[in-house]
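The values are calculated or read from the model by the stated rules, or taken from the named source; none is laboratory data. Keep in mind that this is a model prediction, so the values were computed, not measured. Please note: Cβ atoms are built from the backbone with ideal geometry, for glycine as well, and neighbour counts cover all protein chains shown. Accessible surface areas use protein heavy atoms only, side chains included; no ligands, DNA or RNA. Shrake-Rupley method; radii C 1.70, N 1.55, O 1.52, S 1.80 Å.
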Amino acid sequence: MLNTPSAFGGMVTAPHHLAAQTGAAILREGGNAVEAMIGMAATVAVVYPHMNALGGDGFWLIAAPGRAPIGIQACGPAAEAATCDHYAERGHAHLPTRGGAAALTVAGTVAGWGQAEQLAAELGGRTPRRDLLSDAIRLAEDGVAVTEGQARLTAEKLDELRDVPGFAGLFLPEERPPAPGHRMRQPALAGTLRRLAEAGLQDFYRGDIARTLAHDLDKAGSPVRLRDLEAFGAARVEPLSVALPGCRLFNMPPPTQGVSSLAILAIFERLGLDARDDFGLVHGLVEATKQAFLVRNARVFDPAYMDCDPRDLLAPDILDRMAAAVDAQRAAPWPHDAAEGDTVWMGAIDRDGVAISFIQSIYWEFGSGVVSPATGVLWQNRGMSFSLEPGHANRLAPGRLPFHTLNPALALFDDGRRLVYGTMGGEGQPQTQAAVFARYRSAGMALQAAVSAPRWLLGRTWGSESTNLKLEGRFPPDLAERLRSAGHDVETVAPFTDMMGHAGAVLRHDNGRLEGASDPRSDGAVAAL
């Protein structure tokens, strides 16, 4: 039996145990959940450098008692010089995936920390910034043990990345991939974090760090310039939401795929299938995913370019129509180009009930691969989600926001429970969210069991080229055959595979009792007071 950790004084979960320890330490010293998450975000950028970095983007969902949930959108736009002509003149028919030309959007995550810092103060937080970043600074200086995942992915992606400016100096000790357990020191990044602690987070965009980053990015061939950094700021946004019996779900608005995460669960609810039955759960959520993704792919990108209000996509009649398109016994055809993604999701709830669902990413593993030598900052390749094709709905344009797979999730129950949950995994994020939530709410599973249970993935992620339905091997043997008989193209994959994401969740009951879950597929942990 899987035990779900329980406590009263505050709880965090993260895909790396050192990030969880940072959050718990901040809570223990009297910090609130927002402050804990800032510290965790900094630490995880040091200890999971292949998955996220200061040069990436981030999104926050924050629910404080007595306040409506709010979001922080910390995703950067395409640079002013990032035009289709810019790439055509350089012989690119498609946007590059690696190197300086792939580093074409502003990194938003540090600006998101700044917005969160302001909100933390509004909620009574008084923890000095240097204390929030102290663990990250120490770990960057002293070194962290390279995880098996980082070592494996470095070797797998070496041909793509070895010659990218700055990559080898940070990620290839002795000019070869590190072994698991290798002590990885990041002195330049430690200096950057120390400067942010002392001068303020805005220095990343309008200070010494910004000027250094702009110089290094230009030298690497990126179109991002100092003026792009100076013009950027994170924003508070109103989350999208949808009601289910007994609870309301929240997620981020476009340019994220949050609308699809909400739609999947709303469609599944309308199907009336039994979540305790493996076939009903998997088939129902997969078919709901197809309907939600079809709408997402056609309608969701930078909201300034959308032809509708994103909330309209969650209107009851639209959801009813999508649910009516699902056959409860047969699979719909599924040719689809899936999105990759490498991300971290983390959650925190403090003793006062302030709940945080947070996600931070550089898109692909190692992002663009470009590392600023003077700052130690790895830059994302999120801009490759744009198209260079004339007339394409998501065509590259200066100042345009790229489409994001990132979407942190939050549920507020009518009985006072509040749940933060999420995962990394690109295309798999909405699917894993749906699996965890449906198993907890509809199938009555304990929170840790809902996270640990075998999962599935429709589409391609983590380097796989196929877009079929992948099942972890721990499902009952007859499930794959039942799904094939219903028309699904099923592939069985290894149990506890990274392909299924690194999920987590933290739940607060109305009496203040907290429960948490971390994913056995990750290097993570739950930490509590």
Quiz item: Does the stretch 318-397 come out rounded, prolate or oblate, given a ≥ b ≥ c as the square roots of the eigenvalues of its C-alpha gyration tensor, rounded meaning a/c under 1.5 and, failing that, prolate meaning a/b above b/c?
Solution: oblate
Quiz item: Where does the charge balance sit around Leu132 when Lys and Arg score +1, Asp and Glu -1, over other residues with C-beta under 9 Å from its C-beta?
Solution: -2
Practice problem: Run the quick spin-label model on Glu238 and Asp163: label points 7 Å from Cα toward the beta carbon, then report their separation in nm to one decimal. | Solution: 5.1 nm
Quiz prompt | Calculated FRET value between Arg130 and Ala315, using beta carbons and R₀ = 56 Å, to 0.05 | solution = 0.75
Practice problem: Please list 482-492, 305-315, 398-408, 439-449 highest first by mean number of surrounding beta-carbon atoms within 10 Å per residue. | Solution: 398-408, 439-449, 482-492, 305-315
Quiz item: Along each of its three principal axes, how wide is the spread of alpha-carbon positions in the stretch 203-269, in whole angstrom units, largest first?
Solution: 53, 22, 13
Quiz prompt | At least 30 Å along the helix axis (C-alpha) and Kyte average at least 0.0, DSSP helices within the chain | solution = 278-299
Quiz prompt | For the stretch 358-413: rounded, prolate or oblate by the Cα gyration tensor [a/c cutoff 1.5] | solution = oblate
Self-check item: Rounded if a/c under 1.5, otherwise prolate or oblate - the stretch 35-99, Cα gyration tensor axes
Solution: oblate
Quiz item: Where does the charge balance sit around Ala449 when Lys and Arg score +1, Asp and Glu -1, over other residues with C-beta under 15 Å from its C-beta?
Solution: +2
Quiz item: When the accessible area of the stretch 52-144 is computed with all protein chains present and a 1.4 Å probe, what percentage of it is carbon and sulfur?
Solution: 46 percent
Quiz item: Using a probe of 1.4 angstrom, how much of the accessible area of the stretch 477-529 is carbon and sulfur, in percent?
Solution: 45 percent
Quiz item: With Rg and the Kirkwood Rh both taken from Cα atoms, where does Rg over Rh land for the chain?
Solution: 0.94
Self-check item: Which of Lys157, Lys290, Lys219 is most accessible, then next, and so on - probe 1.4 Å
Solution: Lys219, Lys157, Lys290
Practice problem: Using only Cα atoms, locate the centre of the stretch 484-529 and the centre of the stretch 272-336, then give the distance between them in Å, rounded to an integer. | Solution: 22 Å
Quiz item: Label His92 and Asp218 with points 7 Å out from Cα along Cα→Cβ: what is the distance between them in nm?
Solution: 1.9 nm
Quiz prompt | Label-to-label distance, nm, for residues given as Ala68 and Val493 (7 Å Cα→Cβ offset) | solution = 3.8 nm
Quiz item: Over the stretch 345-456, what is the relative contact order in whole percent, taking alpha-carbon pairs under 8 Å and six or more residues apart?
Solution: 20 percent
Quiz prompt | Area of Asp218 that stays accessible when all protein chains are in place (1.4 Å probe, Å², to 10) | solution = 80 Å²
Practice problem: In debye, nearest 20, what is the charge dipole magnitude of the chain about its Cα centre with +1 on Lys and Arg Cβ and -1 on Asp and Glu Cβ, if you could check? | Solution: 600 debye
Exercise. Counting only C-alpha contacts under 8 Å and six or more residues apart, can you give the relative contact order of the chain as a whole percent?
Key: 25 percent
Exercise. Give the accessible surface of the chain per residue, rounded to a whole number of Å², with probe radius 1.4 Å and ligands, DNA and RNA excluded.
Key: 35 Å²
Quiz item: Given the Cα-Cα distance of Ala231 and Glu156 and 0.36 nm per residue of separation, how much length would full extension add, in nm?
Solution: 23.3 nm
